[in-house]
Amino acid sequence: MAISEFEIKRCEREVEKFLNARRPPTHVRSQLDFGYRIENQSVELFEIRPEWRNPEKKMEIPFAKATYVKKEKLWKIYWQRQDLKWHSYTPAPSVQYFEEFLSIVNEDANACFFG
């Protein structure tokens, strides 16, 4: 089940604040930028970079995902490893509030999200 429209707007507002603090300077954004998407009950954060073979094309490289589990009223946290699969973020597999997810990603204590 998808999250409510109210929750989507709240997530969008919080992600925008997070991205504005993390985004590189304007002159670098053609080479590296950050974005997000909200699908069903998940919020996915990704890098936007030019493809190395064809710099005219942009590619999205996901690095963090939070999925809301309504039954448990929790956000589950995932990170994408080199195998391109989502893995539970074991230091904090779930949080109660979406803002906590963004705080964990921003802190990146284990260098899982930003290397």
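The values are calculated or read from the model by the stated rules, or taken from the named source; none is laboratory data. From a predicted model like this one, the values you see are computed outputs, not experimental measurements. FYI the Cβ positions are ideal-geometry reconstructions off the backbone, even for glycines, and counts take in every protein chain you see.
Worth a mention:
- Under the condition of being surrounded by fewer than 18 Cβ atoms within 10 Å (Cβ to Cβ) and of a type outside the set (Val, Ile, Thr), the residues counted in segment 64-85 number 10.
- Selected residue (criterion: surrounded by the fewest Cβ atoms within 10 Å (Cβ to Cβ)) from residues of segment 105-115 that are assigned to a helix (DSSP H, G or I) and not hydrophobic (A, V, I, L, M, F, W, C): 107
- Residue check, residue 57 of a type in the set (Lys, Arg) and surrounded by 11 or more Cβ atoms within 10 Å (Cβ to Cβ): no
- Among (1) part of a loop (DSSP other than H, G, I, E, B); (2) more than 13 Å from residue 41 (Cα to Cα), the one test that residue 102 misses: (1)
- The numbered conditions (1) among the polar types (S, T, N, Q); (2) out of contact with any Phe, Trp or Tyr (no Cβ under 9 Å at 6 or more places or on another chain); (3) in contact (Cβ under 8 Å) with a residue 24 or more places away in the chain are all true for residue 54 except (3).
- Segment 3-27 residues that are on the phi < 0 side of the Ramachandran plot, paired with ones that are small (Gly, Ala, Ser) (beta carbon under 8 Å, 6 or more apart): 19/35
- Restricting segment 89-100 to residues that are free of Cβ contacts under 8 Å to residues at least 40 places away in the same chain and under 19 Å from residue 37 (Cα atoms), the residue that is surrounded by the fewest Cβ atoms within 10 Å (Cβ to Cβ): 97
- Top-ranked residue in segment 26-40 [being within 13 Å of residue 67 (Cα to Cα) and under 13 Å from the mean Cα position of the chain (by Cα); ranked as surrounded by the fewest Cβ atoms within 10 Å (Cβ to Cβ)]: 39
- Out of 81, 10, 29, 49, sole residue that is under 18 Å from residue 111 (Cα atoms) and of a type in the set (D, E, K, R): 81
- Positions within segment 29-46 being more than 19 Å from residue 94 (Cα to Cα), out of contact with any Pro (no Cβ under 8 Å at 6 or more places or on another chain) and at pLDDT 95 or above, in sequence order: 34, 35, 36, 37
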